[in-house]
């Protein structure tokens, strides 16, 4: 409940404040957002599985973001930034899909 | 398949758990999760906005390089075009300048030729030679000698006149004949009756000297019972004009191409 509320508050705050992304953050933010989404879906699945733990959620959320950003940074340094970013997005996308599938089974029993 | 079975069994409790999670319950962990979700929402919106009004700041290095290349190419193209147009402009301007200069040169040349051909009155420094010939001893040959002497001394325009102001411009094809009736000298078909007045434009001192040299015209005239008198003038007018006949045969040829 609080998580959902927080999400809404964040979106509204973003719409109201109209933030501009700082230049140094621009390469990492999209990947970080996708990674965070993955963590959120994972958390939602854990809730439905009855194994949700605040600590696990927080740690996985933050570590997802950090690792994703780190990979993009590493890719940029190695000159394969766009390819590695694509790879990260693909992997996270697969995870999100599988989590979404698990959530679907819980909710729709199918 | 086994997974499917277990999930199917657990699905009944899944919704209950979801509903349970929707109940507001305050704990530090929940608050932290909510905060993280808020951050996520904020970042999501920021990123979406950033993508929607994507400026070049959001582009990757490769794209920027390509963009820069495009702009550079375009700039080079426009530069080349500008240079070409400037060159054309310069050519056109110098072309019109050349036309003006050519016209001016042509006009000046026309003036020179008009004086040379005797189709226009000429003025300038020169001399006036008055020849009195009471005994009708001055022949056409003497007049011709006078003209030749003046030409040799650099006279640029000459006219020979007789009584009553009759005058003939001396040009390249002027002919001097003794009048058969003995009245005087026939110049270009006009009979001139003494006293004669020859007007020549040129360096007055040179012309005077040419006529006054020992054995020259003035001395010749004196030996023949005639007399000549030279007056140098700062400005004198050769007003008689020659009426050129159009040539029947000769035509101006195109300037031959220089090899």
Query raised in the report: Relative to the first principal axis of the alpha-carbon coordinates of chain B, what is the inclination of helix B:61-117, with its axis defined by its Cα atoms, in degrees from 0 to 90 and to the nearest 10?
Result: 10
Requested in this report: Provide the convex hull volume over Cα atoms per residue for segment B:60-117, in Å³.
Outcome: 39
Report summary line: Only helices counted: for chain B, with every DSSP H run of 4 or more residues adding -39500 (n - 2.57) and the sum spread over all residues, [θ] at 222 nm is -18000 deg cm²/dmol
Report task. Take the Cα pairs of segment B:102-221, get the Kirkwood Rh, then feed it into Stokes-Einstein at 37 °C and 0.692 mPa s and tell me D in µm²/s. Result -> 220
Requested in this report: Subtract the Cα-Cα distance of residue B:251 and residue B:223 from 0.36 nm times their separation in residues, and report this length gain in nm to one decimal.
Outcome: 5.4 nm
**Report entry** With Cα atoms, 0 to 90° folded angle of helix B:28-52 axis to chain B main axis
**Finding:** 20
Report summary line: Mean other chain Cβ within 10 Å across A:12-19 is 5
Report summary line: Taking every residue of A:30-39, the Cβ atoms of other protein chains inside 10 Å of its Cβ average out to 4
Query raised in the report: On a 0 to 90 degree scale, rounded to 10, what angle separates helix B:140-152 from the longest Cα axis of chain B?
Result: 40
**Report entry** Alpha carbon centroid spacing (whole Å) that separates segment B:196-259 from segment B:144-189
**Finding:** 8
Query raised in the report: If you take the Cα Rg of segment A:26-108 and divide it by 2.2 N^0.38 Å, with N the number of residues, what do you get?
Result: 1.17
**Report entry** Cβ neighbours within 10 Å from other chains - mean over A:45-56
**Finding:** 4
Report task. Apply 1/(1 + (r/R0)^6) to the Cβ-Cβ distance of residue B:69 and residue B:151, taking R0 = 56 Å, and write down the FRET efficiency to the nearest 0.05. Result -> 0.10
Report summary line: Quick P(r) readout (chain B; Cα-Cα; 5 Å bins; whole %) gives 1, 5, 7, 9, 8, 6, 5, 4, 4, 3, 3, 2, 2, 2, 2, 2, 2, 2, 2, 2, 2, 2, 2, 2, 2, 3, 3, 2, 2, 2, 1, 0, 0
Query raised in the report: the protein assembly as shown: D in µm²/s via Stokes-Einstein (Kirkwood Rh, Cα pairs, 4 °C, 1.567 mPa s)?
Result: 41
Report task. Would you mind getting me the FRET efficiency between residue B:172 and residue B:87? Use the beta-carbon distance for r and R0 = 45 Å, nearest 0.05. Result -> 0.40
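Each value in this text was obtained by applying a stated rule to the coordinates, not by laboratory testing. On a predicted model such as this, the values are computed, not experimentally measured, just so you know. No Cβ is skipped: glycine too gets one built from the backbone with ideal geometry, and neighbour counts run over all protein chains shown.
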